[in-house]
Amino acid sequence: MRSRFTGRFMACLLLLSACAGLAQAATLRLAYDAGFGGAESLDPYSPTRFFFTTQAMYNRLVRQEDDGSAGPDLATSWSVSGDARTWTFHLRDGVRFHSGKLLSAQDVVYSLYHALDPERGSPVRSTLKIMDRIEAVDRLTVRIHLKSAHADLPLLLLDQRCGIIPEGSADSIERTGDGTGPFRLVENDPEGVTVLEANPGYWEGPPGVERVEIVAIPDQVAQIQAMLAGQIDYLPSINRRQLKLFENHPGYIVQTIRTGHWPGMVMRTDMVPFDDPNVRRAMRMVVDREDMVRLVLGEGGGEPSCDTPVWAGDKYHAQRHCPQDVGQAKALLSEAGYPDGIDVDLYTSSVDKSFVSMAEVYQNQAASAGIRVKIHQVPADGYWTDTWMQEPFVATRWNQRPADQILNEAFRSGAAWNETYWHNAQFDRALDRARKEVNEKRRRELYVRTQQLLYDDGGALIPFHLNVNRVFSSKLRNLPPETELFVRWQYIGKTENEE
Amino acid sequence: MLKILVRRLVSALFTLAFVAVVVFAVAEALPGDACTAYLGRLAQGERLDNCRASLDLDQPAAKRFVHWARDLAQGDLGNSLKRKKPIEEIVGPRFRNTVILGTVAALIGIPLAIVLGVFAGVYRDKIPDFVISGVSLLAMTIPEFVIATLLIFVFAISFQWFPAVTILPTDAGIREILPNIVLPVITLAFVMTAHILRITRASVIDAMHSEYVKMATLKGVPFRRVVFRHMLPSALLPTINIVALTIAWLLSGVVVIEKVFNYPGLGTLIIQSIFDRDLPLVQAIALMFALIYIAVNLIADLLVILLNPKLRSQVSGEGG
């Protein structure tokens, strides 16, 4: 009898302490580099948006699903007209901004026009410029009329900047940060400690932690020290060497995340010798991509790519295998009139930390097919104005973009950043048709086709996409290995120590 | 006395003016201009024109210098290109933070250095001297960022007694700051102590061998009295200048230390502004460092004059 009582008593105590542990205000502390030097803005559309803060304070109309498609967020459903030019979004009812105002279609209309306002200079403007007219049909319905067809408008609205802000807030939003998201602003101090607290009325239910503190630590080594000393819980980006400090340590979890960022080497298809598609193919065929990843980035530093800018996490990514083929490369060069090999000049710079080693690895691999690469390392200052898009063969880099965007911005005939000066009417047509194609399966076929054309004929050597590494305290829960752009802050939880 | 004061002040002002000319000229001598440096890949079209207009870059350099110097004299440091705010607003709290860090380190380091230096000098070639001199030599030869990293490894990461890096709101008060800067203060004080200590020790040894100390000892003056009344006052005078030099050194030391510890002071700010190619901000901070350097040295010189009976009498013309 007595022992049973003791047992129950102990169980109660355990439960109580467990509850006390949970009830403690859990604070998530993360470090960021204060990259805009205190000019960080809480306006999600601003060119100097305060990234982590805006991610936690706003909702978009749609959110990224695991397969790369757009799922419901503030919009619960949507439909598109047969010509892919008119989109109708139905909004979630009962969502409130942090200020208490109820979300309505007017706010969405206002936000999207805010994005288009040239005065505000939002980086997302160029993507959303295809929107012609946006109207509120009723309290919870928004209709968007496009200038030209686009069957993937929801993917464009996935952009990290497309948070919904309240009507009339354009001039104050950079200070108030009034969104509908899981966290609301307590203290905005981009060069010190910015504090957010849980939004108790959040429409998905209360978030997993009570507070988020975003700590400015510009220096990467200092960030590592803060992590090792337990001053922060979450470090969004560390390099591979630093990874070793945290691997196999029970206090930390490290994650490697695939991204769509890529460095590459691009040939000008309008200049000798790269105006010959056979030369371009040979130049790309001599690369052993797996080896290049290992040598340039280190084991696991990236995912080999077969010259497609569309990364593996994108639903339009074309799967392909492209092993090194020295024999075929030699044959192609012969056919192009270079039976004794070819001399090429490759321009690179320390602008990006992988450029120089990538060039050196390429030089070695290409030698096997008689391609003699002379590397010119030019100063980082002025690289983008004097060398890139000027010299015939240069190193380049791009950040992650959705398939439609990267294909149009970097490869369409006449695009401002068409760095290979490639003109392929078939490619352009396929892109146009893909935008109009409302059938998803056929749309995917078209995007796969564009990547096939790039592989056969294009001038871009894209050896890999980069992986990034992050580390966080093992006290954190529900942080899936997804890119920073799509972390769902509301689900992250934290177990506090009972000390 | 007044004459020498005025003379010193005037020469300090001249030095400052010279530094201002150099700081301005160096920025002019760089290839391109402040706007192309800052904008980099984006330096074209309207953006470049706007930037140039905001800095009056279409005016001749001499005219801009006059404007810049006039604004400086009125306390207007201009605007930061990157932060788009008046530089005074940016620099103000950072300057305060650096002064706090430096002052706390100096308050601990200087007295400690003098006490240990006197001790080592008086007990020259005995065990306390060996220990003190040995450690101070170590402190002088190991770079401060190595010491800082060691301290972080031991006290912040292994034992977790003190924070590894400073995590503070921008407007943190001194009470909030102090518990956060234990390790940077120890690092700075450690290195600073070593320098001052060496000079103090040498100066004390000299004085201990001087005629007047020997005479006092021979006359039977007790050892303590010899040390405190006769030896120390003259032995400590040369340390004032070295203290001033060390405080000036603090300025460069602080840049490294602030970076290692993520301390929001002038040091981290100048590193960032160089990184951002924010020339107006770099110029302003460089000038501020020069100002502090000159001011500290000026104060030290005046203190030496005040405290040295010989110089004092020379100045007042009572013979020598």
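Since every read-out is calculated from the coordinates, none of them should be taken as a lab result. Keep in mind that what you see is a predicted model, and the values were worked out from it rather than measured. A quick note on method: Cβ atoms are made from the backbone with ideal geometry, for glycine too, and the neighbour counts reach across all protein chains shown.
If you take each beta carbon of peptide B:149-156 and count the beta carbons of other chains within 10 angstrom, what is the mean?
Details: counts 2, 0, 0, 6, 3, 0, 1, 6.
The per-residue average across the peptide is 2.
What is the calculated FRET efficiency for B:N241 to A:R175, with r their C-beta to C-beta distance and R₀ = 56 Å, to the nearest 0.05?
Details: r = 50 Å, r/R0 = 0.89.
It comes to 0.65.
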TODO: Could you list the residues of the range B:229-243 with an amide nitrogen less than 11 Å from a label point located 7 Å from the Cα of B:L218 in the Cα-to-C-beta direction?
DONE: none
- [ ] Note down the relative contact order for the range A:62-156 as a percent, whole number, built from C-alpha pairs under 8 angstrom at least six residues apart.
- [x] 28
Task: Cα centroid of the range B:27-105 to Cα centroid of the range A:20-81, whole Å - done: 34
- [ ] Starting from the amide H of A:I492, placed 1.01 Å from N in the peptide plane, find each other amide H under 5 Å away whose residue is 5 or more places distant or on another chain.
- [x] A:G208
TODO: Post the alpha-carbon centroid distance, the range A:108-187 to the range B:132-146, in whole angstrom.
DONE: 58
Task: Stokes-Einstein D in µm²/s, Kirkwood radius over Cα pairs - chain B at 20 °C with 1.002 mPa s viscosity - done: 95
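As an exercise, use a Förster radius of 22 Å and the Cβ-Cβ distance of A:D117 and A:D138 to find the FRET efficiency, rounded to the nearest 0.05.
On the way: r = 25 Å, r/R0 = 1.13.
Plugging the Cβ-Cβ distance into 1/(1 + (r/R0)^6) gives 0.35.
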Task: Reach of A:K330 by Cα under 18 Å, taken over aspartates and glutamates that are not fewer than 8 positions away in the same chain - done: A:D275, A:D276, A:D288, A:D340, A:D343, A:D456, A:D457
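If I take R0 = 41 Å and measure r between the Cβ atoms of B:F159 and A:Q319 in this structure, what FRET efficiency does the formula 1/(1 + (r/R0)^6) give, to the nearest 0.05?
Values: r = 51 Å, r/R0 = 1.25.
For R0 = 41 Å, the calculated efficiency reads 0.20.
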Task: Share of Cα-Cα pairs in the protein assembly as shown lying beyond 44 Å, as whole percent - done: 43
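Let's see if you can work this out: charge +1 on each Lys and Arg Cβ, -1 on each Asp and Glu Cβ, no other charges. What is the dipole magnitude of chain B about its Cα centre, in debye to the nearest 20?
Numbers: 29 positive and 22 negative charges, 207 e Å.
So the dipole magnitude of chain B works out to roughly 1000 debye.
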Task: For B:88-94, mean number of other protein chain Cβ atoms within 10 Å - done: 1
- [ ] Give the relative contact order (percent, whole number) for chain A; include only Cα pairs under 8 Å separated by 6+ residues.
- [x] 20
Open item on the list: Which of the three applies to the range A:52-161, rounded, prolate or oblate, going by the alpha-carbon gyration tensor with a ≥ b ≥ c and a/c under 1.5 meaning rounded?
Closed with: rounded
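For chain A, list the DSSP H helices whose alpha carbon atoms reach 24 Å or more along the long axis and whose average Kyte-Doolittle value is -1.0 or above? Write out the running numbers ahead of the final one.
Values: long enough: A:2-23 (31 Å, 1.00); A:440-457 (26 Å, -1.70).
Sorted by number, the helices that extend far enough and score high enough are A:2-23.
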Open item on the list: Using Cβ contacts closer than 10 Å as the measure, can you line up B:Y263, A:Y455, A:Y383, B:Y212 from fewest to most?
Closed with: B:Y212, A:Y455, A:Y383, B:Y263
Task: Per-residue Cβ neighbour rank within 10 angstrom, fewest leading, A:S46, B:S158 - done: B:S158, A:S46
Task: Inter-part distance where the range B:250-270 and the range B:147-221 are each reduced to a Cα centre, Å - done: 17
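Can you give the average number of partner chain beta-carbon atoms within 10 Å of each beta-carbon in peptide B:170-180, as a whole number? Don't skip to the answer; put the middle values down first.
On the way: counts 8, 3, 3, 0, 0, 0, 0, 0, 0, 0, 0.
What the average comes to for B:170-180 is 1.
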TODO: Quick one: angle between helix B:2-29 and the longest Cα principal axis of chain B, in degrees between 0 and 90, rounded to 10, please.
DONE: 40
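Roughly what % of DSSP beta bridges within the protein assembly as shown run antiparallel, to the nearest 5?
Antiparallel bridges make up about 75 percent of those DSSP assigns within the protein assembly as shown.
Take peptides B:57-65, A:125-133, A:211-219 and line them up by average Cβ neighbours within 10 Å, highest first, as a rough protection proxy. The partial results should precede the final answer.
Numbers: B:57-65: 12.1, A:125-133: 16.3, A:211-219: 22.2.
So the peptides B:57-65, A:125-133, A:211-219, ranked by packing, come out A:211-219, A:125-133, B:57-65.
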Open item on the list: Taking 8 Å as the Cα distance limit and 6 or more residues as the minimum spacing, I'd like the relative contact order of chain B as a percentage.
Closed with: 26
- [ ] Compute the acute angle (0 to 90°) between the alpha-carbon long axis of helix B:127-141 and the principal axis of greatest extent of the alpha-carbon atoms of chain B; round to the nearest 10°.
- [x] 20
- [ ] Report, to the nearest 10°, how far helix B:232-261 tilts away from the longest principal axis of the Cα atoms in chain B, using its own Cα long axis and a range of 0 to 90°.
- [x] 30
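Which order, highest average first, do A:401-408, A:96-103 follow once you tally other Cβ atoms within 10 Å for each residue and take the mean per peptide?
On the way: A:401-408: 21.8, A:96-103: 16.1.
Ranked by mean Cβ neighbours within 10 Å, highest first: A:401-408, A:96-103.
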Task: Footprinting exposure proxy for A:R92, B:R201 (fewest neighbouring C-beta atoms within 10 Å first) - done: A:R92, B:R201
Open item on the list: Using only the Cα atoms of the range B:13-106, what semi-axes does the equivalent ellipsoid have when each is the square root of 5 times a gyration tensor eigenvalue? Give whole Å, largest first.
Closed with: 27, 18, 13
